[in-house]
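Here the structure is laid out as structure tokens; the discussion comes afterwards.
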Amino acid sequence: MAKTPEFEIPPFRTELENPALVEGAMAHCQPFIAAPEHNTDLGFPGELVDNWEMKAVEKLGDLLNKNRALRVYLDSCVKCGACTDKCHYFIGTGDPKNMPVARQDLLRSVYRRYFTLAGKIAPGLVGAKDMTKDVLDDWYKYFHQCSQCRRCAVFCPYGIDTAEISMAARDIMDHIGLGTKYNNEILGKVHKIGNNLGLPENALINTMEGLEEDVEDETGITVRFPVDKKGADVLLVTPSADFFAEPHVDGLIGYAKVFHQAGINWTVSSHASEAANFAMFIGSYEQMHKVAQRIRQAALDLGVKRVIFGECGHAWRVAYSFLNTLAGPWDFLDPKYPKPQHILEVTYDLIQRGAINLDASANDDKVLTFHDSCNVARATRMGDVEGGQFIIPREVIKASVNKFVDMNPDTTHEKTFCCGGGGGLLTDDLMELRIKGALPRMEALKDVVDNHGVTHMAAICAICKSQFAKVMPYYGFPMDMIVSVHQLVSDAILLGTKE
Amino acid sequence: MSGLTLAYALAFYFAVVVLVVGVAFKIGQFWTTPTPLKIPLMPAPMTRKGVGFRLAREVIYFESLFKSNKWIWIFAVLFHAGLVLVVLRHLRYFTEPVWFWVVLVQPFGIYAGFAMVAGLLGLWARRFVVDRIRYISSLSDHLMLALLTLIGVSGLMMKYVARTDIIALKAFCLGLVRFDLQPLPSDPVLLLHMGLVALLMIVFPFSKLLHVPGVFFSPSRNQVDDAREKRHLAPWAAKLDTQSKI
Ligand code: SF4
Ligand code: SF4
């Protein structure tokens, strides 16, 4: 059972009505500030620099010249208000600064002051503001109350993506020496050790051997979990949580069984033992580039022909949308396969071709629903048709489970709600935000639990899985209600029926 | 020629120059700023043609706004569709003989004027009534609506309340186009109407009216979903590659 926190868990809404505005409702909420070494490890100043006001404006100018999205988004908002009730953090907290446009305005007001004629001559008229400590404090708080989930952008007539603005603001803050402990410490670990958890090579090998034994004990079949196997065909890059966290690890076992059954020769790499690229969260192209290069290096060193990503939302965004840019061209890989590929694309394809056998009755004790991860839904694709990222996971679930129910369509597919822990916010210092931000998803889940007897919710993102396992108990759901999609595959797959 | 005519003529020339140069500058800036990453909002079209359709749906019937909020959508469509027809109707002041289709548009243009004002008032009311929108509105948002509403109302007044000499007005307009200035009727409502239009043109490139070019340049809507097939690379980002090539 969850501990009772010092704040109120938002009650389920009856009519899904908008919350009343409560100014400053979340003004006390911010993540721990990075220690100097967490920043300097990434090449950022250790602490807030002396002339930070000027430096921040300078960095904003730099980003405006480097990123069209930022410029167009800052210029184009008409304050129509269409996005105001679309953010899960606003719905869960009622803090007006969590309305997407209000969040953007924290940066836009500074942009207007220093980069537009109207803001220079009549700041009061257009809401332009000087770069002051108050402004910076608001940036630090509210740009860390955005999970960069892109839901607001779906509803904006100009596609204004608050995620881009949050990323830019975080990049600026890092450049003046104000980073978050959570993100910057983790990025340091990736550079030094190869994964977010700081799991060293021998620990990784031990873990994988342990999983091999577990599966053998359970099924009597030897399913390999190879590490750094030179000459393997496939490099699997998966979030490091898959190596031991629950329910993630059950997903990893699922991937291994699929590979085993399809006769795919695979390996993970200890050099690139992390699919997530937290540099996206801090909006740093340079860091993202550096982290992505590890995957290229590992693929070259191991001589693989394919790169496959495990279940992870933001990781799949960086893989699907950015990897070709950051670490391409991937011309040394087998051109027959997408570069890179998602594990669900692989499994789906094998099911279609009848190359693996699944017995869905193995999961007859469950009624499933599916949480579309925000970044998979709105920033990537799977397969070769538009919207494949919605179809493929559902088809794989339906092949593994007999009973499946979708949640309210206003909360799935492109309109899906973030789990509440994405975008570099999955840290205990933001627990209140995470719990409140989960409200819309919890309401949709409650609906299918009450009306359709749903027992489990499947997800395809390491952050979603960790976040739900943690916050669901606060809403009265058991933490093991959240499962990996490949955990369902793992339960249903008939090992040894295809050799 | 009266000082008034000269002042309005100069104001209009000035306004046109500011509008054209200002918007051209902004478009140039949007155009030349690179996009470092592929960020289309998914599901996104997989071809350029598909992107063309996507943008057309946004521009013609405000697809995303429709998904988002029916009230804002209705008022926005009333205003924008009304504005388009009204502008087309006004072409009769600048063409001689008046083009055939501009003649056809005339009767609709009148209703469109009312639709436009109704849409504006609806949008404006929301800035007071809906607490979320009140919170995000700044003075300039109200002034912009005031400006547009006044333009619309003064235009309608000339049709129904204080009619102006539209023959003389047309001579003035054609004179502007042909650089052969003709006297402008000095009705106060007309002067107000025209002064505000000139003002609107001048503030255009410095205001949120930049959403007009902006909608075409939004990477989340105008990019093709082809990241795995085609390598997308911004020139400034390519330099990082050569520094750390593996
Ligand atoms: S929907 Fe878009 S244009 Fe409207 S207020 Fe929000 S960000 Fe601005
Ligand atoms: S990107 Fe997501 S979290 Fe951020 S403002 Fe938009 S809806 Fe809210």
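Per-structure values
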item	result
Enumeration of residues in segment A:297-329 that are open to solvent by 20 Å² or more (accessible area, probe 1.4 Å) and facing chain B (nearest Cβ under 8 Å)	A:Gln297, A:Leu300, A:Pro329
Residues (β-branched (Val, Ile, Thr) and farther than 16 Å from B:Lys208 by Cα) located in segment B:3-19	B:Thr5, B:Val16, B:Val17
Failed condition for A:Ser373, given (1) touching a Cys at 6+ places or on another chain (Cβ under 7 Å); (2) free of Cβ contacts under 8 Å to residues at least 12 places away in the same chain; (3) of a type in the set (S, T, N, Q)	(2)
Flag if A:Arg112 is open to solvent by 10 Å² or more (accessible area, probe 1.4 Å) and within 16 Å of ligand 1 (Cβ to nearest atom)	yes
Any hit, segment B:170-179, residues being free of Cβ contacts under 8 Å to residues at least 24 places away in the same chain, assigned to a helix (DSSP H, G or I) and of a type in the set (Phe, Trp, Tyr)	no
Failed criterion for B:Ala198 (all others in (1) outside any loop (DSSP other than H, G, I, E, B); (2) in contact with a helix residue (DSSP H, G or I) (Cβ under 9 Å, 6 or more places away or on another chain); (3) surrounded by fewer than 18 Cβ atoms within 10 Å (Cβ to Cβ); (4) more than 8 Å from every other protein chain (Cβ to nearest Cβ) hold)	(3)
Identity of the residue in segment A:65-85, at the interface with chain B (Cβ under 7 Å from one of its Cβ atoms) and near ligand 1 (Cβ under 8 Å from one of its atoms), that ends up farthest from B:Gln29 (Cα to Cα)	A:Thr84
In segment B:203-223, the residues that are away from ligand 1 (no atom under 16 Å from the Cβ) and facing chain A (nearest Cβ under 7 Å)	B:Phe206
Close pairs (7 angstrom Cβ cut-off, 6 or more residues apart or separate chains): under 12 Å from A:Cys418 (Cβ atoms) and within 12 Å of chain B (Cβ to nearest Cβ) in segment A:138-158, of a type in the set (Phe, Trp, Tyr) and open to solvent by 10 Å² or more (accessible area, probe 1.4 Å) anywhere	A:Arg151/A:Phe417
Pairs where the first residue, in segment A:414-439, is more than 12 Å from A:Tyr474 (Cβ to Cβ) and the second is in a loop (DSSP other than H, G, I, E, B) and within 16 Å of ligand 1 (Cβ to nearest atom), C-beta under 6 Å, 6+ apart	A:Cys418/A:Cys149; A:Gly422/A:Cys149; A:Gly423/A:Gln148
Residue satisfying all of: in segment B:224-242; assigned to a helix (DSSP H, G or I) and open to solvent by less than 20 Å² (accessible area, probe 1.4 Å); farthest from the other protein chains (Cβ to nearest Cβ) among these	B:Asp241
Candidate set from segment A:412-429 (those that are under 25 Å from A:Val489 (Cα atoms) and open to solvent by 10 Å² or more (accessible area, probe 1.4 Å)); member that is nearest to ligand 2 (Cβ to nearest atom)	A:Phe417
Any hit, segment A:250-272, residues being of a type in the set (A, V, I, L, M, F, W, C) and more than 29 Å from A:Leu358 (Cβ to Cβ)	yes
Yes/no for B:Arg221 being open to solvent by less than 20 Å² (accessible area, probe 1.4 Å), closer than 30 Å to A:Glu286 by Cα and at pLDDT 95 or above	yes
Answer from B:Ala162, B:Ala168, B:Ala198 - the residue that is within 30 Å of B:Pro107 (Cβ to Cβ) and at pLDDT below 95	B:Ala162
Candidates A:Ala25, A:Ala56 - the one that is in a loop (DSSP other than H, G, I, E, B) and out of contact with any Leu (no Cβ under 6 Å at 6 or more places or on another chain)	A:Ala25
Of all residues making up segment A:129-164, the number that are farther than 27 Å from A:Glu47 by Cα and either more than 16 Å from ligand 2 (Cβ to nearest atom) or hydroxyl-bearing (Ser, Thr, Tyr) (or both)	1
A:Val385 being surrounded by 21 or more Cβ atoms within 10 Å (Cβ to Cβ) and away from ligand 1 (no atom under 16 Å from the Cβ)	no
Unmet criterion (only one of (1) more than 17 Å from A:Ala279 (Cα to Cα); (2) within 16 Å of ligand 1 (Cβ to nearest atom)) for A:Met131	(2)
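The values are calculated or read from the model by the stated rules, or taken from the named source; none is laboratory data. Just so we're clear, the structure is a prediction, and the values are computed from it rather than from any experiment. Here Cβ is always computed from backbone atoms with ideal geometry, including for glycine, and neighbour counts include all displayed protein chains. Just so you know, the surface numbers come from the protein's heavy atoms only, side chains and all, with ligands and any DNA or RNA stripped out. Shrake-Rupley method; radii C 1.70, N 1.55, O 1.52, S 1.80 Å.
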